[in-house]
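All remarks here apply to the structure that follows.
The values are calculated or read from the model by the stated rules, or taken from the named source; none is laboratory data. Everything quoted here is computed from the prediction, not taken from an experiment. Counting neighbours? That spans all protein chains shown, and the Cβs are built from the backbone with ideal geometry, glycine included. Surface accessibility is based on the protein's heavy atoms, side chains included, excluding ligands, DNA and RNA. Shrake-Rupley method; radii C 1.70, N 1.55, O 1.52, S 1.80 Å.
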Amino acid sequence: MNHLRTPRRPGHRRGTATASVLLLPLAVTGLTACSDAGDTAAPPVASPAATASGKRCATQPIGPETEAADAAGQPAATGAYTLDSGAVKAPRKKTFGAVTADRSAILVSGSGQLSTYDSKVTKNGATSSLPEAGGRGLNAALLARDGGLLDLSGGLYYTTGKGSTGVAATGKDARATLSGGGINTQGASSHGVLASYGGVLDLTYVQIVTMGAQSAPVATGPGGAKVTVSGGTMTSAGCGSPGVHTSGDVSLSGTLFDLANSEAFTVEAGGSLSLKNVRATAAAGGVVLRGDGEKSYTMDDGALLATDGDVFSVRGGAADVKLSGGAEVKTKSGALLRVKDLADATFRADDEKLTGDVLVAAGSTADLELTGSTKLDGKVKGASLALSGGARWSVAGTSTLAGLSFGDGSTSDGVAKKISKTIDGNGYAVTYDPKSSPQLDGKSYRLKGGGTLKPA
């Protein structure tokens with residue numbers, strides 16, 4: 001993946017940054033450890049390239065929608081080090097650890113505020129409740145909960161075992177701020193960072209590696225959350241582990257993603273994902289937008305490259321996709337946009353070069369709005385198409401349009417000229433719904449380069 005470059009951090013010498021940076025053991029001696037085991041385990045050493053299985057699995061929901069914290073019958077969060085009031089600044093390079101099931105190495109809640117600098121935090125052992133781990137950060141190495149604040153500068157955070165997220169912020173007014181440093185999680189269902197139920201995460205130049213299945217580097221669980229990521233590299237090796245899995249609001253800027261066995265991003269109902277100059281390569285598709293509610297994906301500049309699968313897959317509910325700034329979106333095998341499961345999609349592209357088919361299943365709808373210098377090269381099945389400005393369509397297969405319109409308000413008298421300038425038929429037949437295409441006046445037209453445009 002030589003075409004992807006790690007963004008430069010201001011004030012730092014340029015260098016090559018890869019996932020292996022996280023995996024180098026650190027020599028930490030002469031430090032006071034805070035651990036429920038009385039020692040600090042050596043960090044695991046592995047690499048996503050060596051561990052990736054090549055298997056595919058569906059990305060599962062992160063956690064259940066439950067209102068009560070520590071609902072009846074569910075384990076309560078505990079910590080080897082806890083802080084529920086006051087502000088504490090830990091000594092530089094202080095170590096923390098936990099091995100007991102469901103216990104975090106660090107738990108900050110209430111009015112507690114903890115700052116660390118170049119700390120090493122290790123969490124070993126699995127959770128007893130995956131729903132609570134995914135929903136409320138149970139068993140995370142570092143947990144800010146219900147008002148607690150974490151300010152983490154540098155440092156390395158390692159977890160092993162199932163359901164062991166690196167850093168979590170969950171509950172109203174909980175916040176974790178990370179600047180530099182790295183997170184490595186080894187087990188299944190172990191995200192890099194997690195926010196839920198009003199939690200907030202701010203990451204600046206953080207490196208995250210996850211090795212297990214269902215382990216997104218960046219995740220927001222149920223109940224609403226906000227995550228902002230600037231710079232950094234995010235790598236996942238397991239299946240069902242998109243770079244971002246969100247039902248909250250996530251904003252990315254200048255971040256590099258490499259997903260060995262998953263789609264690049266998954267946006268659930270109620271979620272929004274905004275990208276600025278983000279580059280992602282993924283083995284199993286680009287962006288999945290799913291669920292019965294509204295969700296959105298916005299991409300300005302950057303690149304989204306899929307080895308296999310659709311670039312955009314909309315599955316149920318309403319989804320809004322917007323591309324601008326010369327964003328590069330490609331797949332080696334799959335559609336540009338696939339809409340199914342009674343979904344309604346709006347796809348907007350401004351000054352973009354798009355290659356691939358648009359496929360809309362029966363019972364679903366899609367509106368394509370192409371503006372500026374956008375050019376679409378592909379066939380369209382079942383979507384409405386609106387062309388304005390200098391936007392063009394190069395037909396790459398027999399197509400059926402649910403509607404066709406031109407944004408300049410062309411009437412039937414001038415629409416033939418507009419069609420000849422904006423649609424290259426390449427010998428293919430295109431049909432349109434005359435009721436949804438009043439500008440075409442129910443007429444048939446010959447297309448430039450061969451082919452026809454006729455009412456269905």
For segment 199-225, the count of residues that are over 15 Å from the mean Cα position of the chain (by Cα) and within 20 Å of LEU130 (Cα to Cα) equals 7
Restricted to segment 274-311 and to residues being charged (D, E, K, R) and outside any strand (DSSP E or B), the residue farthest from VAL339 (Cα to Cα) is ASP301
Going through segment 188-215 in order, the residues found to be of a type in the set (Val, Ile, Thr) and either open to solvent by 10 Å² or more (accessible area, probe 1.4 Å) or in contact (Cβ under 8 Å) with a residue 40 or more places away in the chain (or both) are VAL200, THR204, ILE208, VAL209
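Kindly provide the set of residues from segment 197-255 that are among the β-branched types (Val, Ile, Thr) and in contact with an Asp or Glu (Cβ under 7 Å, 6 or more places away or on another chain), ordered by number. If you could, list the steps in order and put the result at the bottom.
If we filter segment 197-255 for residues that are among the β-branched types (Val, Ile, Thr), which is where we start, we get 200, 204, 206, 208-210, 218, 220, 227-229, 233, 235, 244, 246, 250, 255.
Within segment 197-255, THR228, THR235, THR246 qualify.
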Taking first residues from segment 270-296 that are farther than 16 Å from ALA335 by Cβ and second residues anywhere that are of a type in the set (D, E, K, R), the pairs with Cβ under 6 Å that are 6 or more apart or on different chains are GLY271/LYS295; SER272/ASP249; LYS276/ASP300; ASN277/ASP301; THR281/ASP258; GLY291/GLU268; SER296/ASP320
With the first residue restricted to segment 149-165 and required to be within 14 Å of THR122 (Cβ to Cβ), and the second required to be of a type in the set (Asp, Glu), Cβ contacts under 9 Å at 6 or more apart or on different chains are GLY155/ASP118; LEU156/ASP118
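Considering ALA144, ALA140, which residue is within 14 Å of SER190 (Cβ to Cβ) and crowded, with 24+ Cβ neighbours inside 10 Å?
Answer to the selection: ALA140.
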Those residues of segment 374-394 which are in a loop (DSSP other than H, G, I, E, B) and open to solvent by 10 Å² or more (accessible area, probe 1.4 Å) amount to LYS379, SER388, GLY389, GLY390
Just one listed residue, out of SER333, SER274, SER262, is among the hydroxyl-bearing types (Ser, Thr, Tyr) and surrounded by 24 or more Cβ atoms within 10 Å (Cβ to Cβ), and it is SER262
Residue set VAL200, VAL227, VAL193; condition under 21 Å from ALA101 (Cα atoms), modelled with pLDDT of 95 or more and of a type in the set (A, V, I, L, M); output residue VAL193
Considering segment 216-241, residues that are over 13 Å from VAL200 (Cα atoms) and of a type in the set (A, V, I, L, M), and then whichever is surrounded by the fewest Cβ atoms within 10 Å (Cβ to Cβ), we arrive at ALA237
Residue hits (segment 343-373; part of a loop (DSSP other than H, G, I, E, B), open to solvent by 10 Å² or more (accessible area, probe 1.4 Å) and within 18 Å of ALA306 (Cβ to Cβ)) are GLY356, ASP357
- Taking the condition under 22 Å from the mean Cα position of the chain (by Cα), buried (at least 24 other Cβ atoms within 10 Å of the Cβ), under 16 Å from THR82 (Cα atoms) and of a type in the set (Val, Ile, Thr), does VAL167 pass? yes
Pairs returned, first residue in segment 73-93 that is open to solvent by 60 Å² or more (accessible area, probe 1.4 Å), second residue that is among the acidic types (Asp, Glu), beta-carbon separation under 8 angstrom, 6 or more apart or interchain, are GLN74/GLU132; ARG92/ASP118; LYS93/ASP118
